[in-house]
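The values are calculated or read from the model by the stated rules, or taken from the named source; none is laboratory data. Here the structure is a predicted model, which means the values were calculated and not measured. Every residue, glycine as well, gets a Cβ built from its backbone with ideal geometry; the counts of neighbours run over all protein chains shown. In case anyone asks, the SASA skips ligands and DNA or RNA and just uses the protein heavy atoms, side chains included. Shrake-Rupley method; radii C 1.70, N 1.55, O 1.52, S 1.80 Å.
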Amino acid sequence: MAVNGVGKAIYNILANDSSVSDLVGTRIYPQKIEYNATIPAVTYFVTSVGPTNTKNGVSTYDYTDVQITAFGSTYDEASNLARLIRVALDYVSGTYAGIVIDKIFFEDANDLYDDSFGEKGIHYVAMDFQFNINR
């Protein structure tokens with residue numbers, strides 16, 4: 001989990017969004033899919049944290065870049081899950097699991113496929129978000 005707890009907030013938002021949780025349940029993992037996990041699933045990991053420096057104290061505001069990936073057995077399943085994740089997160093603000101989010105911004109996405117995953121391969125959509133966190 002990042003130094004500002006953004007992982008707790010991501011899990012809280014996605015696990016409590018019925019559109020997402022109806023598809024993945026609690027299969028929302030930090031960094032990688034658990035071994036033998038059922039698909040569809042979601043992973044998230046922090047790619048960078050940039051503080052807002054001040055002249056007379058520690059940063060009270062972080063710009064946190066996060067990659068959130070939607071995995072599916074088919075292209076349609078991965079794409080649909082990615083769409084639902086974007087709806088759940090894009091331009092959201094509030095306090096989630098004790099983490100104060102000023103705003104979440106969707107930045108971009110890439111469709112990917114890995115033919116070495118399991119017997120049939122796996123489709124996934126890697127999405128980049130920026131979380132603006134009040135510390």
Just to be sure I understand the filter: pairs with C-beta atoms under 8 Å, separated by 6 or more residues or on different chains, first member in region 4-21 and farther than 15 Å from D62 by Cα, second member modelled with pLDDT under 95 and aliphatic (A, V, I, L, M). Which pairs pass?
K8/M1
Limited to region 112-135, what total is found for residues that are part of a strand (DSSP E or B) and touching a residue at least 60 places away in the same chain (Cβ under 8 Å)?
9
Quickly run through region 64-94 and pick out the residues that are more than 23 Å from V125 (Cβ to Cβ) and not polar (S, T, N, Q).
G94
For region 1-36, which positions are under 15 Å from F129 (Cβ atoms) and of a type in the set (F, W, Y)?
Y11
Here are A70, A78: which of them is of a type outside the set (S, T, N, Q), touching a Leu at 6+ places or on another chain (Cβ under 6 Å) and open to solvent by less than 60 Å² (accessible area, probe 1.4 Å)?
A70
Could you list, in sequence order, all residues of region 34-64 that are open to solvent by less than 30 Å² (accessible area, probe 1.4 Å) and either out of contact with any helix residue (DSSP H, G or I) (no Cβ under 7 Å at 6 or more places or on another chain) or without any contact (Cβ under 8 Å) to a residue 24 or more places away in the chain (or both)?
A37, T43, G50, S59, D62
Per-region count, region 95-135, residues under 18 Å from N12 (Cβ atoms) and surrounded by fewer than 13 Cβ atoms within 10 Å (Cβ to Cβ)
2
Could you check region 81-106 and list, in sequence order, the residues that are in contact with a strand residue (DSSP E or B) (Cβ under 8 Å, 6 or more places away or on another chain) and without any contact (Cβ under 8 Å) to a residue 40 or more places away in the chain?
D90, Y91, S93, G94, T95, V100, K103, I104, F105, F106
